[in-house]
Amino acid sequence: MGSWAKPFTVQVSDADLELLHKKLELATFPDELEGAGWDYGAPLADVKRITEYWRDKFDWRKTEETINQLPQFTTEIEVEGHGSLNIHFVHQKSAAENAIPLLFVHGWPGSFLEVRKLLPILTAASPDQPSFHVVAPSLPGFGFSEAPTKPGFGGYQHAEVLNKLMLSLGYNEYVYQAGDLGHVLGVYVANAYGHKHLKAWHTNMPTYRAPTFWSNPLLILEIFTNKAVSQTLEQASRTWKKGGGYYMVQTTVPQTLAYSFADSPDGLLAWIYEKLARIVDDYHWTEDEVLEWISIYWFSRAGPGANVRIYYELTGGNKHDMFEGTKWTSVPLGTSYFPKEPIRFPKSWACLIGKVVFQAEHDKGGHFAAHEQPEKLAGDLRMMFGKGGPAYGIVPGKDGYA
Amino acid sequence: MIAPAAEQPFALFVPDPDLALLREKLALARLPDELDGAGWDYGVPLADVRRLVARWRDGFDWRAAEEAINRDLPQFTRDVEVEGFGTLNVHYVHRRSARENAVPLLFVHGWPGSFLEVRKLLPLLTADVPDQPSFHVVALSLPGFGFSEAPKKGGFVHKQYGELANKLMISLGYDAYVVQGGDWGHYIAGSLATYYAHTHVKGWLSNYPHAQPPKLSKSPWLWLTDLVTPYSEREKEGWARTKEFRARGSGYSHEQATQPQTVGYSLGDSPVGLLGWIYEKLVRWTNGYRWEDDEVLEWVSVYWFSRAGPAASVRIYLEMTNRFERRAVDGIEWTSIPLGFSLFAKELNQVPRKWLRTLGNVVFESEHEHGGHFAAHEEPEALASDIRRMFGKGGPGFGVVPGKDGYV
């Protein structure tokens, strides 16, 4: 319930669809070096194949229909200094009255669609498992949410939107699950609304700012004594070198990138697909699946150029890391480690983020845990919040059981 | 000796269908929004792109630009064999001075530059003016840029660029010559020095002062003096500018050095995307230079209509840095041929002067209060003057090319 929320269905205009198709008809491809494979970026064969599928076979209207099976709404959220933003979100309640309110927050290049496979699992009512009322918004500037119009919409502004959204739905106390940028924003929500509103949270990308010798000498020492730790850091450094180009561009010149994103469907496709394909664990994206994800960006309410601004805003244009202005909080935190998550932190560093009460490790899964391994991720949440779990009953009166 | 009959003249002419396709794409241009008051903080301002796209679509006359390019820049093509890479057809500008003994000079552009960058220098360098040295000028389109073919495989690095450029000069009868370059031209000039110093390359002048700090193991004296000598105000400013550029101005370089193909899709599919990507550099890297819209569009059009397509041009970043594993400058070895630097005020990478001596025998340093990265385009008089002073009578590079000292 939420008296101000209005039901929403995705309805891309015919004009937008037509423009996309005209552009696809004119799509021009570069050449490629012999034997390039993935060594130079997204391979030509892949991008061509998917673009041609987009042009000839992909049925957006059918996809739209399927997406609209998700219960979607919009609501106005006021953000201090930024006026009112119309926020799009998925909201599915469990049949269990006392289900735990859970806010699921996507990242980049994800979307609200990432909650899709989790929904039926998390909202299922059962005497043996805790269940959840799930809210999954499109972040401002993503999907079908409005974008901020002024500079300075940083971590605390996003946190304000997220918290107010939950409050507007009558969820005064709630829990939170995320990876990628959703995890980063979770840190802000914990800082601003921890305990009072955010009772506990879970991340599948447990990272934070690195320890310093002065703040955590033992963790620094461990780098030299513990091989697993030093290897994780070496791998992180390699991943940064090879895969960090997008971050450097998006944190410093998101507007320059926006021109390519808004004008070239296969340009947008390639930039995003490169990540989708690379940071999963043995997950085989179908063309339809990739195009559904890309379409959310292409047809996004604010246009595809708006979403990357979050990188600039969170880092001050790459003047600092994404966690500026946040601290460790004692809000109970659960962590799940998936083997092919590229952004890795040594496990011993998770304690820098918050009060870790739950840790799970898996042998399969990558960056998009909710999409690749929904059962595993949901299983972790059930363990963390279920009877006997470290965060059982954390939301007073809503222990999740029927 | 020259065999002018063997040169293949090239007249730039973009086929009509290519022009039509560009127009069609521009007609379908979809622009993003922008934050209020964003200015240049987030990248290229929307108003600039909107204006330029409209001009490109409705007003810019490419055929007229083409005509002027063909008139101002005598162009040719030539097949050059590169070991392991087969034959590449190279596009280049070539203008001889009226003076037989003019100094042969190879001009090398960078990214997002092109052969067009030599345009303003040509009349200055080839001029037959008493008491001034004159030059025969060759300016190639690097492989994968402008109207040169691109290599078909990976691994085209310092050695290959050197081989290609050197063979081109020799084939034009210039067995000995000097080199001038900035941006990638700096690294390629350095590569030419590394492989052909003394044998063919007799001296080089760079306007891109990028070098690594001296290493104790390699140049102990330089290392020591660098350690103990305080930096000048200008050096400190330059270094601060360098750090700022590396932290907040090099996203494109990280991406191009690691995922050139990924960014290449939008550069080749969207003229608007290409325009944004390049125009940002044209404005940010110059120093008070007033770009005319048609000037910008001409530069971007050369990328759009380039023989290998715009995606090919960015691969140089990956190749020359070995996938971002090292700095391109690491591929340059110290040589003793005369090395000069033209130091323009707002150049992006400005390392402390002593570091430059790790690249070669620095005999000439010319500081300017104006100018930026695209020196040949922004400050052609100043750059031409530096070239003359370095290689002319009384200069440290005078007479380096035997029998061709630049004078009557």
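The values are calculated or read from the model by the stated rules, or taken from the named source; none is laboratory data. In this text, all values refer to a predicted model and were calculated from it rather than measured experimentally. Note that we place each Cβ from the backbone using ideal geometry, even for glycine, and neighbour counts take in every protein chain shown. Keep in mind that these areas ignore ligands, DNA and RNA; they rest on the heavy atoms of the full protein, side chains included. Shrake-Rupley method; radii C 1.70, N 1.55, O 1.52, S 1.80 Å.
Through the Karplus equation 6.51 cos²θ - 1.76 cosθ + 1.60, θ set to phi - 60°, convert the phi angles of the range B:288-295 into ³J(HN,Hα) values in whole Hz; use x for Gly and Pro.
x, 7, 8, 6, 7, 4, 5, 5
³J(HN,Hα) across the range B:178-187 via Karplus (A = 6.51, B = -1.76, C = 1.60, θ = phi - 60°), whole Hz, x for Gly/Pro?
Result, ordered by residue: 10, 10, 10, x, x, 6, 4, x, 5, 5 Hz.
First check a/c for the range A:235-286, with a ≥ b ≥ c the square roots of the eigenvalues of its C-alpha gyration tensor; if it is under 1.5, answer rounded, and if not, answer prolate when a/b is larger than b/c or oblate otherwise. It would help to have the intermediate numbers written out before the result.
On the way: a/c = 3.90, a/b = 1.19, b/c = 3.27.
Since a/c reaches 1.5 but b/c is at least a/b, the shape of the range A:235-286 is classed as oblate.
Heavy atoms of the protein only, probe of 1.4 Å, neighbouring chains included. What is the accessible area of B:Lys354 in Å², nearest 10?
50 Å²
Rounded to the nearest 500, what is the 222 nm mean residue ellipticity of chain A from helices alone, with -39500 (n - 2.57) per DSSP H run of 4+ residues and division by all residues? All intermediate terms of the calculation are to be shown ahead of the outcome.
Details: 15 runs with 160 residues, N = 402.
Result for chain A: -12000 deg cm²/dmol, rounded to the nearest 500.
Suppose every Lys and Arg Cβ carries +1 and every Asp and Glu Cβ carries -1, with no other charges. What dipole size does the protein assembly as shown come out with about its Cα centre, to the nearest 20 debye?
Numbers: 80 positive and 96 negative charges, 386 e Å.
Once rounded to the nearest 20, the dipole reads 1860 debye.
Give the lysines whose C-alpha is closer than 20 Å to that of A:Lys6, dropping any in the same chain fewer than 8 places away, or say none.
Here the lysines satisfying the reach criterion relative to A:Lys6 are A:Lys93, A:Lys164.
Could you work out the relative contact order of chain A, using alpha carbon pairs under 8 angstrom and six or more residues apart, expressed as a whole percent?
Details: 734 pairs, mean separation 85.2, N = 402.
It comes to 21 percent, rounded to a whole number.
Hey, which aspartates and glutamates would be in cross-link range of B:Lys393, C-alpha to C-alpha under 12 Å, not counting anything within fewer than 8 residues on its own chain?
B:Lys393 reaches B:Asp131, B:Asp405.
Rounded, prolate or oblate: pick one for the protein assembly as shown, where a ≥ b ≥ c are the square roots of the eigenvalues of its C-alpha gyration tensor, a/c under 1.5 means rounded, and failing that, prolate if a/b is larger than b/c, else oblate. Spell out each step's value before the answer.
On the way: a/c = 2.50, a/b = 1.84, b/c = 1.36.
Verdict is prolate for the protein assembly as shown.
Taking a probe of 1.4 Å and counting only protein heavy atoms, give the total accessible area buried between chains B and A in Å², rounded to the nearest 100. Present the calculation step by step, with values, prior to reporting the outcome.
On the way: alone 17330 and 17370 Å², together 29510 Å².
Result for this pair: about 5200 Å² buried.
Got a number for carbon plus sulfur as a percent of the range B:243-374's accessible area, 1.4 Å probe?
Percent of accessible area from carbon and sulfur atoms in the range B:243-374: 41.
With n ≥ 4 as the cut-off for DSSP H runs, can you work out [θ] at 222 nm for chain B, using -39500 (n - 2.57) per run divided by the number of residues, rounded to the nearest 500? Please report the intermediate quantities before stating the final value.
On the way: 17 runs with 168 residues, N = 408.
That calculation yields -12000 deg cm²/dmol at 222 nm.
If I model a spin label as a point 7 Å beyond the Cα along the Cα-Cβ vector, how far apart are those points for A:His320 and A:Asp59 in nm?
So the label points at A:His320 and A:Asp59 sit 5.1 nm apart.
How charged is the neighbourhood of A:Tyr156? Take every other residue with its Cβ under 13 Å from the Cβ of A:Tyr156, and add Lys/Arg as +1 and Asp/Glu as -1. Intermediate values should be presented prior to the final figure.
Numbers: positive: A:Lys164, A:Lys327; negative: A:Glu80, A:Glu160, A:Glu313, A:Glu324.
For residues surrounding A:Tyr156, the net value is -2.
If you count only protein heavy atoms and use a 1.4 Å probe, how large is the accessible surface of B:Glu369, to the nearest 10 Å²?
Rounded to the nearest 10, that gives 130 Å².
Which pairs in the list B:Lys120/B:Lys202; A:Lys57/B:Lys152; A:Lys275/B:Lys159; A:Lys319/B:Lys236 are over 22 Å apart, alpha-carbon to alpha-carbon? Can you show the working numbers first?
Working: B:Lys120/B:Lys202 24 Å; A:Lys57/B:Lys152 32 Å; A:Lys275/B:Lys159 33 Å; A:Lys319/B:Lys236 20 Å.
Over 22 Å Cα-Cα: B:Lys120/B:Lys202; A:Lys57/B:Lys152; A:Lys275/B:Lys159.
Counting only protein heavy atoms and using a 1.4 Å probe, what share of the accessible area of the range A:232-288 belongs to carbon plus sulfur, as a whole percent? List each step's numbers first, then the result.
Working: 900 of 1710 Å².
Its accessible area is 52 percent carbon and sulfur atoms.
Label points 7 Å out from Cα along the Cβ direction at B:Ser336 and A:Lys48: separation in nm?
5.3 nm
Per residue, what accessible area does chain B have, given a 1.4 Å probe and all protein chains present, in Å²?
Working: 14680 Å² over 408 residues.
Per residue, chain B has 36 Å² of solvent-accessible surface.
If you take the square roots of the eigenvalues of the alpha-carbon gyration tensor of the range A:277-391 and sort them as a ≥ b ≥ c, do you get rounded (a/c under 1.5), prolate (a/b over b/c) or oblate? Write down the numbers at each step before the final one.
Details: a/c = 2.02, a/b = 1.20, b/c = 1.69.
Here the range A:277-391 falls in the oblate category.
Which percent of the accessible heavy-atom area of the range B:93-224 goes to carbon and sulfur, probe 1.4 angstrom?
Roughly 58 percent, rounded to a whole number.
Per residue, how big is the convex hull around the C-alpha atoms of chain A? Give it to me in cubic angstrom, could you? Write out the running numbers ahead of the final one.
On the way: hull volume 57.1 nm³, N = 402.
Enclosed volume per residue, from the Cα hull, is 142 Å³.
For the range B:1-115, what does the relative contact order come out to in percent, with C-alpha contacts under 8 Å and a separation of six or more? Don't jump to the answer; show the numbers that get you there.
On the way: 71 pairs, mean separation 30.6, N = 115.
Reported relative contact order: 27 percent.
Express the relative contact order of chain B as a whole percentage, based on alpha carbon pairs under 8 Å and six or more residues apart in sequence.
On the way: 771 pairs, mean separation 85.8, N = 408.
The normalised contact order for chain B reaches 21 percent.
Report the accessible area of B:Arg55, computed with a 1.4 Å probe over the heavy atoms of all protein chains in place, in Å² rounded to the nearest 10.
Here the residue's solvent-accessible area equals roughly 90 Å².
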